[in-house]
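The values are calculated or read from the model by the stated rules, or taken from the named source; none is laboratory data. Bear in mind that the values here come from a model prediction, so they are computed numbers and not experimental data. In this analysis, Cβ positions are derived from the backbone assuming ideal geometry, glycine residues included, and neighbour counts consider all displayed protein chains. Remember, those area values only see protein heavy atoms, side chains included, never the ligands or the DNA or RNA. Shrake-Rupley method; radii C 1.70, N 1.55, O 1.52, S 1.80 Å.
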Amino acid sequence: MTVETKTIEAVNGVKIPQLGFGGVYKIKKKEEFEMSIREAIRVGFRHFDTAKIYGNEQALGTAIEKSQIPPREKFFITSKVWNTDHGYKATKNAFEQTCKKLNVKYLDMYLIHFASPHYLETWKAMEELYMEGRIKVIGVANFEIQHLENIMKHSEIAPMINQIETHPEFPQNELHDYLKNHHILHEAWGGPLGQGNKALLEHPDLKTIAHEHQKTVAQVILRWHLQRGIIIIPKSSNPQRIKENSDIFDFVLTHEEMGGKISQLNTGRRYSIKPTGYMINPFYNRLMKIFMK
Ligand code: NAD
């Protein structure tokens, strides 16, 4: 198995590359952005995660086009509906704008970025786009069990994936089991590497495991996600790390390492704000714009 061939099937049978590239978030300089996408493609990444709010859908589309790896089917592209585009009509418009920027006719995956008000109407639009074949996998991000229950109660199609903060300090065990029981895939953000959290990447237990496998701590954490059946989208603009993050298919963590040492790192600590915390903050969209600069 390699970064190109290791896939996980969504409930509808669509194959999703389990290791994707989240490197398109917050990389601002054009040259650095293009270089990191080029490098990611070179080492075998085909799954790319973007969102309207990242402001680089167009740059990603251009970088993929420049890679000259036809056909479009070789790539798996995800984008997300931002909070200000919720509602039936606005979502359809946002989807068309995203496709235009990426220069694609369909998206492999489209997610609701946060469970903002009106997400049920947003979902209705996404269901229709899915039925029309414009989106291959529809899902959500930052949804909690209550939001998933609500969407499943009021909709025809259940979310196929939930992209949530996940790392060894915050493994999301309860939500992970819920997703598994409902055939919803678990995808990790912020994690997968804890957003580069130093204490995590230098944890002595992880260092010991890494040493035993002759791997880096980052590779051990990414491997831990893989073995939990989680889709991961690590971010890096450093060519050496991009390669390192792709090189996680030639070792296996033992039962003791998975269920013992690594699971003991669970402190229940998020590195990011609780998603519902964003929702109740009326200034959130403004704050987010400043934060993304
Ligand atoms: P991440 O866990 O991928 O951490 C990225 C950081 O880890 C990098 O900035 C770098 O400092 C460090 N890093 C990367 N590779 C490393 C290596 N080999 N060794 C040591 N350090 C390394 O976290 P993230 O960037 O927050 O999330 C990944 C992706 O998830 C993003 O790029 C984005 O696409 C997505 N995301 C989604 C949401 C959401 O709300 N849905 C929120 C944040 C991020």
log10 of Debye I(q)/I(0), alpha-carbon scatterers only, for the range 1-154 at 0.19 Å⁻¹:
-1.21
Could you work out how far apart the two model spin labels at Gln240 and Val11 are, taking each label as a point 7 Å from the Cα in the direction of the beta carbon, and quote it in nm?
4.4
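When you count, for each residue, the other Cβ atoms within 10 Å and take the mean per peptide, how do 250-257, 15-22, 236-243 rank with the highest first?
Numbers: 250-257: 13.6, 15-22: 23.5, 236-243: 17.0.
Descending mean neighbour count gives 15-22, 236-243, 250-257.
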Met35 versus Tyr88, label points 7 Å from Cα toward the beta carbon: distance in nm?
4.9
Net charge, Thr254 excluded, C-beta distance under 10 Å - Lys, Arg +1, Asp, Glu -1
-2
Simple spin-label estimate for Arg269/Lys105, 7 Å along Cα→Cβ, in nm, reads 5.0
Between the range 47-83 and the range 94-113, what is the separation of their alpha carbon centroids in Å?
8
For the range 104-173, compute Rh as the Kirkwood radius over C-alpha pairs and then the Stokes-Einstein diffusion coefficient at 4 °C and 1.567 mPa s; write the answer in µm²/s, rounded to an integer.
102
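Enter the per residue convex hull volume of the range 87-219, computed from alpha-carbon coordinates, in Å³ rounded to the nearest integer.
About 138 Å³ per residue, rounded to a whole number.
Using a ≥ b ≥ c from the Cα gyration tensor of the range 12-85 (square roots of the eigenvalues), is it rounded, prolate or oblate, where a/c under 1.5 gives rounded and otherwise the larger of a/b and b/c decides, a/b for prolate? Please report the intermediate quantities before stating the final value.
Details: a/c = 1.74, a/b = 1.05, b/c = 1.65.
Oblate.
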Percent carbon-and-sulfur accessible area, the chain, ignoring ligands, DNA and RNA, probe 1.4 Å
52
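Taking the square root of 5 times each eigenvalue of the Cα gyration tensor, what semi-axes in Å does the equivalent ellipsoid of the chain have, largest first?
Semi-axes (√(5λ), whole Å): 28, 23, 18.
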